[in-house]
Amino acid sequence: RKEVEQDPGPFNVPEGATVAFNCTYSNSASQSFFWYRQDCRKEPKLLMSVYSSGNEDGRFTAQLNRASQYISLLIRDSKLSDSATYLCVVNLRSRTGNQFYFGTGTSLTVIP
Amino acid sequence: GAGVSQSPSNKVTEKGKDVELRCDPISGHTALYWYRQSLGQGLEFLIYFQGNSAPDKSGLPSDRFSAERTGGSVSTLTIQRTQQEDSAVYLCASSLVGLAGGRGEQETQYFGPGTRLLVL
């Protein structure tokens, strides 16, 4: 079983729509969670960390559900510039250090 | 300040040749990570450095792959006797802390632009 699983999509949504992605993780000891964004042929860039209490940054809201072992990302009022692949990242800290697990990404295309 | 830099940005080589990829992390970042990403695939973890030591080499796909980090800064990833299946984008990332643990910004990974390797 993969450490992190995401629906690859693609999600094709009209401008202004609200879209949500989920990501499940297998290790209940996972301790930190992130959403990264990757544009075509570019490196991943941090979108936001995901805190236990949930957090919001403008049109983006991230939630963590430890009981069900998933994190979510909600994008409101989608913009054309939101088109990208969204990567779910889970960090498991061990005695030897951090082990980051990346999902394969969810592709989003926002249509005019 | 400057971000993570990698060189070369593109590398085309012939099967069987050795290649060396370089990563310059953000100054002051103690942790450094190597990943590779094949076309349309997710990121595959290769190796992690805390300072100059590599506590986690579990992701190296074969003994043809090796990496080192000197002076707690620059890292090189070496692939010996390259094979066509080694073709991928090799991404390097760094974070402020690693082994000691941290929260939020301290453990956030910042990625370099990657090296696109093509083995013919």
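The values are calculated or read from the model by the stated rules, or taken from the named source; none is laboratory data. Computed from a predicted structure; not experimentally measured. A quick note on method: Cβ atoms are made from the backbone with ideal geometry, for glycine too, and the neighbour counts reach across all protein chains shown.
Overview of values
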item: Yes/no for A:F102 being within 28 Å of B:T30 (Cβ to Cβ), aromatic (F, W, Y), within 8 Å of chain B (Cβ to nearest Cβ) and touching a residue at least 60 places away in the same chain (Cβ under 8 Å); result: yes
item: Scope the range B:19-40; condition hydroxyl-bearing (S, T, Y) and farther than 18 Å from B:L120 by Cα; matching residues; result: B:S27, B:T30, B:Y33, B:Y35
item: Meets criteria (touching a residue at least 12 places away in the same chain (Cβ under 8 Å), buried (at least 19 other Cβ atoms within 10 Å of the Cβ) and within 12 Å of chain B (Cβ to nearest Cβ)) for A:S32; result: yes
item: Search result, residues across the range A:2-23 that are under 10 Å from the mean Cα position of the chain (by Cα) and crowded, with 20+ Cβ neighbours inside 10 Å; result: A:Q6, A:F21, A:C23
item: Tally of residues being hydroxyl-bearing (S, T, Y) and closer than 10 Å to A:G103 by Cβ across the range A:1-26; result: 2
item: Restricting the range B:31-64 to residues that are touching a helix residue (DSSP H, G or I) at 6+ places or on another chain (Cβ under 9 Å) and part of a strand (DSSP E or B), the residue that is farthest from A:Q38 (Cα to Cα); result: B:A31
item: Lone qualifier among B:S66, B:S95, B:S5, B:S87 - being surrounded by 21 or more Cβ atoms within 10 Å (Cβ to Cβ) and within 23 Å of A:F102 (Cβ to Cβ); result: B:S95
item: Lone unmet requirement of (1) under 27 Å from A:T106 (Cβ atoms); (2) modelled with pLDDT under 85; (3) assigned to a loop (DSSP other than H, G, I, E, B) for B:P113; result: (2)
item: A:D7 being of a type in the set (D, E, K, R) and touching a residue at least 24 places away in the same chain (Cβ under 8 Å); result: yes
item: Test: residue in the range B:35-56 that is of a type in the set (D, E, K, R), surrounded by 18 or more Cβ atoms within 10 Å (Cβ to Cβ) and over 10 Å from the mean Cα position of the chain (by Cα); result: yes
item: Condition broken by A:C40, with the remaining ones in (1) exposed (fewer than 13 other Cβ atoms within 10 Å of the Cβ); (2) more than 10 Å from every other protein chain (Cβ to nearest Cβ); (3) modelled with pLDDT under 95; (4) at positive phi satisfied; result: (4)
item: Residue check for B:G71: over 13 Å from the mean Cα position of the chain (by Cα) and part of a loop (DSSP other than H, G, I, E, B); result: yes
item: Set A:S83, A:S107, A:S72, A:S78: member being within 11 Å of chain B (Cβ to nearest Cβ), farther than 20 Å from B:Y110 by Cα, at pLDDT 90 or above and buried (at least 17 other Cβ atoms within 10 Å of the Cβ); result: A:S107
